[in-house]
1. Residue 92: touching a helix residue (DSSP H, G or I) at 6+ places or on another chain (Cβ under 9 Å), surrounded by 14 or more Cβ atoms within 10 Å (Cβ to Cβ) and at positive phi, yes or no?
2. Every residue in the range 75-111 that is under 30 Å from residue 36 (Cβ atoms) and in a loop (DSSP other than H, G, I, E, B), please.
3. Being loosely packed, with under 11 Cβ neighbours inside 10 Å, within 24 Å of residue 155 (Cα to Cα) and modelled with pLDDT of 90 or more narrows it down to one of 204, 193, 230, so name that one.
4. Of these, 200, 161, which one is closer than 15 Å to residue 98 by Cα and in a helix (DSSP H, G or I)?
5. Only one of these conditions is not met by residue 79: (1) surrounded by 14 or more Cβ atoms within 10 Å (Cβ to Cβ); (2) touching a residue at least 40 places away in the same chain (Cβ under 8 Å); (3) touching a helix residue (DSSP H, G or I) at 6+ places or on another chain (Cβ under 6 Å). Which number is it?
6. Find the residue count for the range 43-61, including only residues that are closer than 21 Å to residue 185 by Cα and surrounded by 13 or more Cβ atoms within 10 Å (Cβ to Cβ).
């Protein structure tokens, strides 16, 4: 077992963590105003926006991955525009993985933040506005500190979900060693060549990571509820 561990390549995990970190940061910046808008608006378009945002949850990853790959290819107007205007090719690249991961993990960031914003005391927000604070200051200094469980859930679950992606990243990024070969793809290839020992080690690591992430979220939420007197 020790020899197997010494011979294993852990670069796919590093790529997975790098992808998850970048995706989480980008989605937090993008999802914060979107989640706030969805929590406050009474627009008739709200159900439509929520449905589009949540689509990756029910849409098969292969379907989403196919259309993202097509959009990045030279057969689509988007792909042609990116290539001719900026010289950028997103298909089978790490940058393409980032874009695909942001689309695929979007609901895991937006929905917890939206729920957190909706659970806030409206009088607290109104008091902030009355005291002269802007909307941005209200969100950052009033809303976010009072919805820590939702914030933690959004950040950690988005990170963990991105680490565990398979279908979308395989279709969009392929399996380029050192660039787009993430941990989930590495496990798939190990099973293909019947290297079950390495596949077990990789899979156990992913299992422990997923369990630790969920346990952290539940423990924090439980302690927070006990602190504010909610059982």
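The values are calculated or read from the model by the stated rules, or taken from the named source; none is laboratory data. This one's a predicted model, so the numbers in the text were calculated from it and none came from an experiment. A quick note on method: Cβ atoms are made from the backbone with ideal geometry, for glycine too, and the neighbour counts reach across all protein chains shown.
1. Working: touching a helix residue (DSSP H, G or I) at 6+ places or on another chain (Cβ under 9 Å): yes; surrounded by 14 or more Cβ atoms within 10 Å (Cβ to Cβ): yes; at positive phi: yes.
The answer is yes for residue 92.
2. The one that is under 30 Å from residue 36 (Cβ atoms) and in a loop (DSSP other than H, G, I, E, B): 90.
3. On the way: 193 fails: within 24 Å of residue 155 (Cα to Cα); 230 fails: modelled with pLDDT of 90 or more.
Result of the check over 204, 193, 230: 204.
4. Details: 200 fails: closer than 15 Å to residue 98 by Cα.
Criteria check complete, one pass: 161.
5. So the condition that residue 79 fails would be (2).
6. Filtering the range 43-61 down to residues closer than 21 Å to residue 185 by Cα leaves 56-57, 59-61.
Adding the requirement that they be surrounded by 13 or more Cβ atoms within 10 Å (Cβ to Cβ) leaves 56, 59, 61.
Going through the range 43-61 one residue at a time, the tally reaches 3.
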